[in-house]
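A quick write-up on the structure given underneath.
Every number in this text was worked out from the coordinates using simple rules, so none of it is lab data. Since the structure is predicted, the reported quantities are computational estimates derived from the model, not experimental observations. Glycine gets a Cβ as well: all are built from the backbone with ideal geometry, and neighbour counts include every protein chain shown.
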Amino acid sequence: MNKKITAATAAGLMASAIARCSNAGCSNHGPTARDSTPATLPVVVERTRAATMEITPAPDSNRHPHTTPGGVHTAVNTNRKEEPNMHTRTLGQGLQVSAIGLGCMGMSMGYGPNPGDRQAMMGVLRGAVDIGITFFDTAEVYGPFVNEELVGEALAPVRERVVIATKFGMKIDNGKVLGLDSTPERIRQVADESLRRLRVDTLDLFYQHRVDPNVPIEDVAGAVGELIQAGKVRHFGLSEASAATIRAAHAVQPVTAVQSEYSLWTRDPEPEVLPTLAELGIGFVPFSPLGKGFLTGSVTSSTTFSDGDVRATIPRFTAENRAANQALVDHIGNLATSKQATTGQIALAWLLAQQPWIVPIPGTRRRERVEENAASTTIALSADELADLDALAARVGVQGDRYNEHHMALVGR
Ligand SMILES: NC(=O)c1ccc[n+]([C@@H]2O[C@H](COP(=O)([O-])OP(=O)(O)OC[C@H]3O[C@@H](n4cnc5c(N)ncnc54)[C@H](OP(=O)(O)O)[C@@H]3O)[C@@H](O)[C@H]2O)c1
């Protein structure tokens, strides 16, 4: 396994860690430093940019309600005796999850043939729970349907210990995705079907997958609000929505999390979405936090994508653009080497350092990579290292869009 900070620390990660919550106003976390924390453990990277870089705290209007100025918001859940102590973060509306989640999509689509059979994927999911991951990401459309079934079956025995997020908003007929559909009746239908496939009584977090221009967002929020009233859904989320849409939805039904692509080479949420979330107290869940694998260094210009690998259709992943973008990943790799970490761990640690209410969901179908990715929470980046990484994409340049034209038209609305 290509790493130095590994599973040994991963089990510790989430399981050990330094418990700090300087947010006196937060009812979820008390001051929880654990006496048993070994002094030699690396400092957990949970720090706000303000804390890390010692810059002036954001004005009140920009401050996340769960963040003290320059403070950190980190906790280890010591309440559940039967589980490993977990290193957690809090999204909006008090939803507490492990600081790193697991993206499950790749187990059913997007990255070509699986490295193992269905049983092996169940093992990956359960192995994630074993090391303290409690946040799992799926969607009706992944497969379609079979990903929810897989996640539901794998996590049924540990249902009470996990938060399962799923998504609605697609029109699906005969297994084919035909477009968007966020009409209230479709939302209700998807909720019922997802409840059944996931084998749960309540959907923990129900995201709109893409904003549907044919349905006012207020109607979508209202429909999810009714499902919350009915006890079928606990939390409302949005994916790839604009700041204006987030604000309008939140006014009808408080939003817990927004999920959009965000990573060292995809910075779209920074100018408008992240400040809006900070102001409204909504959590952020970066998808494709490893740049669909590119930011781990495991994809190069000579990589051949197999049938069913979505990267074959993405401009950023043409052989020419991969070659041009290699300088970016090489730079991250050099920093990783100097810190005895892996390239992917640096990419995740950078995301974790942006805000304490950011929870990346790297996707993998391999148990050892689940552990490697989870251990990114143990990597501390200095102010200089963060500043260097912040400026990297602009300095080196990123060639190619993150989606093809069709999919680009569906984001940011
Ligand atoms: N809301 C949305 O519209 C949306 C869109 C896309 C994704 N998502 C969600 O976000 C999750 C994550 O995004 P993603 O899977 O697209 O991208 P990602 O997490 O950035 O990257 C996944 C890729 O990286 C590889 N990988 C993972 N860990 C690695 C490691 N430590 N070393 C080397 N390679 C590694 C995986 O391969 P292996 O599987 O072979 O390890 C896979 O090819 C998805 O699973 C899905 O749940 C949501």
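Taking SER242 as the residue in question, decide whether it is within 16 Å of PHE145 (Cα to Cα) and either touching a Pro at 6+ places or on another chain (Cβ under 7 Å) or within 16 Å of the ligand (Cβ to nearest atom) (or both). Show your work before the answer.
On the way: within 16 Å of PHE145 (Cα to Cα): no; either touching a Pro at 6+ places or on another chain (Cβ under 7 Å) or within 16 Å of the ligand (Cβ to nearest atom) (or both): yes.
For SER242, the condition - within 16 Å of PHE145 (Cα to Cα) and either touching a Pro at 6+ places or on another chain (Cβ under 7 Å) or within 16 Å of the ligand (Cβ to nearest atom) (or both) - is not met.
Select from region 254-276 the residues that are away from the ligand (no atom under 14 Å from the Cβ), within 21 Å of PHE168 (Cβ to Cβ) and surrounded by 20 or more Cβ atoms within 10 Å (Cβ to Cβ) and list them in ascending order.
In the first step, residues of region 254-276 are kept if they are away from the ligand (no atom under 14 Å from the Cβ); the result is 254-256, 267, 270-272, 274-276.
Subsequent filtering for residues that are within 21 Å of PHE168 (Cβ to Cβ) retains 254-256.
Once the filter is applied, which keeps residues that are away from the ligand (no atom under 14 Å from the Cβ), within 21 Å of PHE168 (Cβ to Cβ) and surrounded by 20 or more Cβ atoms within 10 Å (Cβ to Cβ), region 254-276 yields VAL255, THR256.
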Report summary line: THR300: passes all of (1) touching a residue at least 60 places away in the same chain (Cβ under 8 Å); (2) over 18 Å from the mean Cα position of the chain (by Cα) but (1)
Query raised in the report: Mind checking which residues of region 231-263 are of a type in the set (Ser, Thr, Tyr) and assigned to a strand (DSSP E or B)?
Result: SER239, THR256, SER260, SER263
Requested in this report: Go through VAL158, VAL124 for me and flag whichever is in a helix (DSSP H, G or I) and within 30 Å of THR303 (Cβ to Cβ).
Outcome: VAL124
Report summary line: ILE346: passes all of (1) under 19 Å from the mean Cα position of the chain (by Cα); (2) away from the ligand (no atom under 16 Å from the Cβ) but (2)
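Any residue at all in region 300-307 that's charged (D, E, K, R), within 10 Å of the ligand (Cβ to nearest atom) and not in a helix (DSSP H, G or I)?
The first filter runs over region 300-307 and keeps only residues charged (D, E, K, R), leaving 307.
Going one step further and asking which of them are within 10 Å of the ligand (Cβ to nearest atom), we end up with none.
No.
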Report summary line: ASN321 meets each of (1) touching a Pro at 6+ places or on another chain (Cβ under 7 Å); (2) within 8 Å of the ligand (Cβ to nearest atom); (3) assigned to a helix (DSSP H, G or I) with one exception, condition (2)
Query raised in the report: Just checking, how many residues over region 170-224 are assigned to a strand (DSSP E or B) and either under 20 Å from GLU240 (Cβ atoms) or touching a residue at least 24 places away in the same chain (Cβ under 8 Å) (or both)?
Result: 13
Query raised in the report: Of the residues that make up region 205-212, is at least one under 14 Å from the mean Cα position of the chain (by Cα), under 30 Å from ALA323 (Cβ atoms) and buried (at least 24 other Cβ atoms within 10 Å of the Cβ)?
Result: no
Report summary line: With criteria (1) surrounded by 23 or more Cβ atoms within 10 Å (Cβ to Cβ); (2) β-branched (Val, Ile, Thr); (3) over 26 Å from THR377 (Cα atoms), THR166 comes up short on (3)
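Which one of GLN399, GLN340, GLN355 is within 16 Å of the ligand (Cβ to nearest atom) and touching a residue at least 12 places away in the same chain (Cβ under 8 Å)?
Details: GLN399 fails: within 16 Å of the ligand (Cβ to nearest atom); GLN355 fails: within 16 Å of the ligand (Cβ to nearest atom).
The conditions single out GLN340.
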